[in-house]
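Report on the following structure.
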Amino acid sequence: MGTTLHTLAPPKGARKKKQRIGRGVGSGRGKTATRGMKGQLARRTAMKASFEGGQLPIHRRVPKRGFVNINRVEVHGVNLSLLDGAFESNAEITVESLREKKLIPKRAKVIKVLGTGEVSKPLVIKVHQISKSAAEKVTAAGGSVSLLEDAGQAAGESA
């Protein structure tokens with residue numbers, strides 16, 4: 001009889017049965033079940049991964065420096081070289097169009113155009129912030145730049 005699907009089995013000795021520990025004296029691993037005699041580890045209480053036996057943990061021993069400003073608003077930069085390649089001539093570049101082309105993340109609140117790269121065609125840019133060099137390059141190429149008014153509130157500045 002040939003080998004069929006229901007007769008397939010691993011060769012003898014290839015699979016080892018899991019040893020059931022602490023299941024009676026006759027198992028050879030009864031009584032203390034390989035945990036030793038007494039103490040915390042014999043009782044198997046759940047301990048945090050960071051627990052160091054009562055010693056002051058490393059995350060409390062190491063000094064902390066600085067702080068995180070909870071009011072910080074991240075400004076996402078986009079280089080001119082990306083805009084030049086992604087948009088057609090005289091295209092209007094807004095926050096929504098940048099998100100559609102996936103040049104900025106969805107969570108981006110404030111957008112700044114940076115001057116790295118060259119502009120070979122006129123572009124109409126409407127963003128929160130723009131660097132001086134980027135504004136000069138866009139106007140030199142025949143484009144226009146206008147800043148969105150809500151940049152102050154989005155950046156966390158109080159009026």
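The values are calculated or read from the model by the stated rules, or taken from the named source; none is laboratory data. As the structure is a prediction and not an experimental result, all values here were calculated from the model. For neighbour counting, all protein chains shown are included, and Cβ atoms are generated from backbone atoms with ideal geometry for every residue, glycine included.
See the values below:
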item: Single residue of the stretch 90-137 satisfying the filter (basic (Lys, Arg), free of Cβ contacts under 8 Å to residues at least 24 places away in the same chain and part of a loop (DSSP other than H, G, I, E, B)) that is surrounded by the most Cβ atoms within 10 Å (Cβ to Cβ); result: 101
item: Residue list for the stretch 35-71, restricted to those being of a type in the set (D, E, K, R) and within 27 Å of the chain's Cα centre (by Cα); result: 48, 60, 64, 65
item: Top-ranked residue of the stretch 139-159 - restricted to ones that are within 28 Å of residue 72 (Cβ to Cβ) and at pLDDT 90 or above, ranked as surrounded by the fewest Cβ atoms within 10 Å (Cβ to Cβ); result: 146
item: Residue list for the stretch 69-89, filter: of a type in the set (A, V, I, L, M, F, W, C) and either over 22 Å from residue 106 (Cβ atoms) or surrounded by 10 or more Cβ atoms within 10 Å (Cβ to Cβ) (or both); result: 73, 75, 78, 80, 82, 83, 86, 87
item: Selected residue (only one of 81, 27 is in contact with a Gly (Cβ under 6 Å, 6 or more places away or on another chain) and hydroxyl-bearing (Ser, Thr, Tyr)); result: 81
item: Residue within the stretch 35-51 that is farther than 30 Å from residue 142 by Cα, surrounded by 10 or more Cβ atoms within 10 Å (Cβ to Cβ) and in contact with a helix residue (DSSP H, G or I) (Cβ under 6 Å, 6 or more places away or on another chain) present; result: yes
